[in-house]
Amino acid sequence: MEKLKLFLQRFRRIKLNENSISKLRITYQVVWNLLLLFIIAGAVSLAFGAGIGAGYFASLVKDEPLRSYDEMKDDIYNYEESSEIYFNDNVYLGKLRANIEREEVSSKDVSPQLKNAIIATEDEFFYEHDGVVPKAILRALFQEFTNSSVRSGGSTLTQQLIKNQLLTNEVSFDRKAKEILLALRLENFFEKEEILEAYMNVSTLGRNSSGRNIAGVQSAAQGIFGVNAKDLSIPQAAFIAGLPQSPFGYTPFTNNGTVKENLEPGVGRMKSVLSNMYDEGFITKKEYDEALTFDLRKSLTTKKPSSTEQYPFLTYEIEDRAREILIRQLAEKDGHKPDELKQNEDLYREYYIQADANLRHKGYRIHTTINKKMYDKMQAVAKEYQYYGSEKPETKIDPDTGEEVQVMEPVEVGGVLIENKTGKILSFVGGRNHDRKQVNHATDSLRSNGSTMKPLAVYAPAMEMGVVQPGSVVADTPMTGSWNPKNYGGRYHGLTSIRTALKHSYNIPAARTYLKIQANNPVNYLDKMGFTSLAQSDYTISSLALGAMKRGVTVEENVNAFSTFANGGKFVDAYMIEKIENSDGEVVYEHKSSSTDVFSAQTSYLSIDMMRDVISSGTAASLKGYLAFSADWAGKTGTGQDYKDAWFVASNPNVSFGTWIGYDTPKPIEQSYKGLSYSKRNILLWAKLMNVAHETNPDLIAPKERFKMPGGIVERSYCSLSGDLPSELCQKAGLVSSDLFNEKYVPKKTDDSLTSGKYVVVKNSAYHVPSSAPSEFVQEGVMLKKEVLWNLGVSSVSELENLLPNQTSWGKLVVTEGKEISDNGSAPTVVNGVSISGNNLSWSASGDNDVIGYRVYAAANHSSSFKKIASVPASKSLTVSVGSSSAAYYVVAVDVAGQESAKSAIVKNGDYSEKKPDEKKNVPSDKEKKPDEKKTEEDKPKPQDKPADDKKQNEQ
């Protein structure tokens with residue numbers, strides 16, 4: 001246009017004739033018209049092109065829905081954020097496993113220098129444009145059409161946010177058109193600071209010092225430099241701002257958390273960002289120059305173990321429990337009940353996948369019941385404990401080669417501590433080494449619980465049904481039939497009370513009691529106490545009374561069930577997750593404790609009181625010497641079949657704690673190791689774990705108050721033979737005991753199992769007295785009726801020795817055969833084994849079947865005249881005290897007809913001799929006597945003429 005104006009000015013200066021002027025006018029009009037035509041054509045073409053472009057743009061975005069503000073808000077803030085877990089009291093534990101770690105941060109908590117670095121590098125016109133920069137888009141289009149090798153970005157921060165959160169990374173005009181449309185709409189809805197905040201939380205930023213993928217500036221600041229995003233220095237901010245261009249090319253860490261040898265790519269990118277910041281005026285020349293000297297390697301943070309690495313048992317357990325909570329919530333939201341999930345594996349799997357994704361990427365805050373100090377100290381004890389036992393070989397299949405290999409298995413451990421009233425799991429021990437075998441032995445491992453099952457499935461249900469009470473009497477004698485359990489060590493203890501049987505963990509009394517109540521389905525009590533791992537066959541097998549099950553129970557289940565007694569018969573389900581919050585701090589789940597009535601308060605207290613004896617003087621008596629504090633403990637030991645498991649569970653008014661030790665592949669535990677039995681080793685471990693728990697919270701672990709006795713419990717005396725009220729004969733026999741009873745089930749019947757009368761004893765059996773029996777061997781006293789034995793399942797009187805406990809008072813009790821003993825028709829055989837030891841004369845029992853007693857004869861020193869000094873019934877000890885005087889003795893057996901055996905061998909005590917020593921020296925022999933010295937009978941002195949001294953000598 002400037003050249004045209006110059007030409008016209010020059011043209012006016014030229015003097016032309018009229019003809020020339022006319023031609024010139026015509027030329028001007030033609031040129032003008034052509035120019036106007038070209039302008040109009042260009043405008044039309046431009047309009048046409050714009051229309052085509054607009055139409056093409058419209059065709060590209062026609063399928064894109066018109067999003068509302070709420071929809072767009074949900075979309076741009078819908079980025080993956082790592083879920084965090086906390087100990088109790090809001091103590092941070094760590095993050096759950098995720099493909100990428102991200103921690104959301106508010107814009108106000110980000111360093112201004114980081115914001116400036118992002119804007120200077122990614123979008124210098126961020127605060128000026130409306131979501132797109134037309135010039136940049138045209139430049140990008142031109143480069144696309146011309147296939148230029150040099151390309152410049154055409155996307156604003158807004159567009160990048162749209163691409164990351166609402167669209168895909170597909171390279172196409174279709175996606176680009178949608179990106180532009182949505183960017184304009186996003187800018188219309190949101191403030192610039194909101195868009196920048198979302199961008200900073202979305203960006204992928206390489207790896208952290210542990211080698212895990214990270215996103216968001218807070219995770220980058222913490223994971224790379226060990227500071228919060230608000231505290232970043234200028235060079236640190238520049239380094240992070242440069243990462244989005246090539247996150248894994250510029251990141252300083254490898255995937256295993258080591259620092260790369262070559263950091264130059266990241267440093268070079270940081271310097272480019274610093275240059276941009278300086279050009280845009282965000283930093284001064286001095287700040288720029290100082291930042292260029294930044295030593296990246298020295299500024300990097302050290303490797304930090306993840307929660308999974310530091311607390312593997314705890315992290316995985318929380319993850320599993322949180323996922324189950326989310327599964328239930330998602331299913332319930334869709335109208336499904338928990339039973340449907342149990343019965344439909346496909347349905348459960350569907351919600352499992354959804355819940356797992358939400359758990360890992362929705363930024364939940366999971367608050368647990370675990371006490372950090374207590375948990376940490378318990379892990380240290382479990383790791384350092386020296387008395388587990390030896391490792392044992394086990395054959396395994398190598399997963400890589402498929403071949404059998406031999407490995408050494410250590411003794412493993414599981415323990416759980418529960419607060420009784422709330423059900424909070426305060427701490428647990430999942431094992432000795434999670435890397436060896438990823439099994440939580442506290443919550444997942446199923447094992448036979450041995451004798452710890454006795455109070456749960458046998459004695460408490462039987463007391464609740466009124467079948468037994470602590471003072472009830474049961475026979476600990478061999479059982480006959482298809483099930484023949486044995487006691488530990490193979491011994492039997494005769495008639496015993498339920499209290500004594502539990503205290504010493506006798507198996508047979510528990511088995512007999514369970515058989516009495518089995519028809520009433522006592523397993524239902526286990527269901528109420530939270531046992532979820534029982535198999536259908538467990539409901540019918542009698543051996544459940546001793547802890548034998550198809551699969552077993554977990555330590556958590558076992559301890560949780562014991563807390564029922566401490567709670568007065570109410571079961572409170574144990575839990576580990578207190579609440580779950582979403583990323584906005586809203587509570588999406590909160591645990592609410594509830595209780596289930598299982599036993600009466602009376603049954604629970606009686607169970608507790610009996611289990612006190614286990615610790616005071618029973619199978620766990622060693623505990624007192626191991627604990628560093630005192631409390632009102634009540635507990636039970638347990639041993640799995642063939643010593644494959646060792647248990648100890650105990651409760652006080654505040655907490656319940658239990659431990660298990662054994663091999664993962666069940667095999668017998670060493671019965672003795674380093675001088676301790678398997679049971680004492682487990683009890684010692686239990687005590688050490690409780691001691692450190694007490695150090696962290698003594699008021700909780702060692703309450704001053706004791707278990708309170710509820711109303712409805714009374715103390716009553718009973719006869720130890722039957723458990724009934726004591727009769728006069730029972731008192732006379734010294735067989736009266738006392739115990740606590742539920743008032744509803746105190747004994748009302750008086751014992752009638754005893755009678756009194758005379759009897760003789762042959763070979764430890766008592767018989768009615770025949771008329772021929774010498775009276776000296778007839779005894780009189782209290783006798784047990786034989787029918788009582790039959791009712792107790794004892795088939796013969798010969799089992800009496802096994803039936804009656806080893807107490808002095810029982811020695812007064814006999815059982816008669818109900819018939820007279822008959823004479824065998826001959827005199828007894830000679831008594832053997834007569835001997836003197838000290839002041840006691842003893843002999844062996846006669847082998848004859850009709851001997852009812854023994855007579856002992858003695859001759860004084862210097863005499864051959866034997867006289868009876870004692871009569872000993874066959875039921876008594878075959879020993880007589882004879883003193884230390886010199887004498888001679890023999891023993892004869894006497895049968896029921898009064899016949900004596902021949903004399904036994906004579907035994908002498910001291911310096912016994914038949915005659916005086918002087919008589920042997922002075923009396924001459926027949927050869928020495930002279931004829932005139934011989935006297936006739938007439939010459940011999942008459943008895944009445946003997947001197948008094950001679951008479952006295954003969955009597956001695």
**Study point:** segment 620-649 and segment 275-304: distance between their alpha carbon centers, rounded to Å
**Key:** 63
Study note, to complete from the structure: Highest mean packing first, using Cβ neighbours within 10 angstrom, the peptides 781-789, 695-703 sort as 781-789, 695-703
Study note, to complete from the structure: Diffing segment 294-308: the Karplus 3J(HN,Hα) column from phi (6.51, -1.76, 1.60, θ = phi - 60°), in whole Hz with x for Gly and Pro, holds 4, 9, 4, 4, 6, 7, 5, 7, 7, 5, 10, x, 6, 4, 5
Practice item. Pull out a ≥ b ≥ c, the square roots of the eigenvalues of the alpha-carbon gyration tensor of segment 611-693, then state rounded if a/c is under 1.5, prolate if not and a/b is larger than b/c, and oblate in the remaining case. Key: prolate
Exercise for review: Quick one: what are the phi-derived ³J(HN,Hα) couplings along segment 581-596, Karplus 6.51/-1.76/1.60 with θ = phi - 60°, whole Hz, x for glycine and proline?
Suggested key: 10, 7, 5, 8, x, 7, 6, 9, 7, 9, 5, 10, 6, 9, 10, 10
Review point. Order of 185-198, 658-671 by packing, highest average Cβ count within 10 Å first?
Key: 658-671, 185-198
Exercise for review: With a cut-off of 15 Å, note down the residues of segment 527-568 whose backbone N falls inside the zone around a label point 7 Å from the Cα of E324 toward its beta carbon.
Suggested key: 529-534, 553-561
Revision key, fill the gap. Between V429 and residues 5 or more places away or on another chain, the pairs with built amide H atoms under 5 Å apart involve G415, V416
Review point. Using r as the Cβ-Cβ distance of S826 and K916, and R0 as 30 Å, what FRET efficiency do you calculate, to the nearest 0.05?
Key: 0.15
Practice item. Could you tell me which of rounded, prolate or oblate describes segment 250-339, using a ≥ b ≥ c as the square roots of the eigenvalues of the alpha-carbon gyration tensor, with rounded for a/c under 1.5 and, failing that, prolate when a/b is larger than b/c and oblate otherwise? Key: prolate
Review point. Going down the table (K528/K550; K392/K437; K516/K708; K383/K421; K570/K644; K337/K570), which pairs top 23 Å between alpha carbons?
Key: K516/K708; K383/K421; K570/K644; K337/K570
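For the ranges 262-269, 582-589, what's the packing order if you count other beta-carbon atoms within 10 Å of each residue, average per peptide, and put the highest first?
Descending packing order for the listed peptides: 262-269, 582-589.
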Review point. Does segment 835-917 classify as rounded, prolate or oblate by the C-alpha gyration tensor (a ≥ b ≥ c root eigenvalues; a/c under 1.5 gives rounded; else a/b over b/c gives prolate, otherwise oblate)?
Key: prolate
Revision key, fill the gap. Given Cβ charges of +1 for Lys and Arg and -1 for Asp and Glu, the option among I869, S884, V851 whose Cα lies farthest towards the positive end of the dipole of segment 835-917 is S884
Review point. At a Förster radius of 60 Å, what calculated FRET efficiency corresponds to the Cβ-Cβ distance of A535 and A845, to the nearest 0.05?
Key: 0.65
Study note, to complete from the structure: Checked against a 18 Å limit on the C-alpha separation, the offending pairs among K373/K704; K108/K286; K377/K704; K260/K303 are K373/K704; K108/K286; K377/K704
Practice item. Convert each backbone phi in segment 507-514 into a coupling constant with the Karplus relation 6.51 cos²θ - 1.76 cosθ + 1.60 (shift: θ = phi - 60°), then list the ³J(HN,Hα) values in order as whole Hz, x for Gly and Pro. Key: 7, 5, x, 5, 5, 4, 5, 5
Review point. Compactness ratio of segment 405-701: Cα Rg over 2.2 N^0.38 Å, N = residue count?
Key: 0.98
Exercise for review: Rank the residues W483, W686 as a footprinting-exposure proxy: fewest other Cβ atoms within 10 Å of their Cβ go first.
Suggested key: W483, W686
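Laboratory data are not the source of any read-out in this text; all were calculated from the coordinates shown. Values in this document were obtained by computation on a predicted structure and should not be read as measured data. Here the Cβ is made from the backbone with ideal geometry for all residues, glycine too, and neighbour counts use every protein chain on show.
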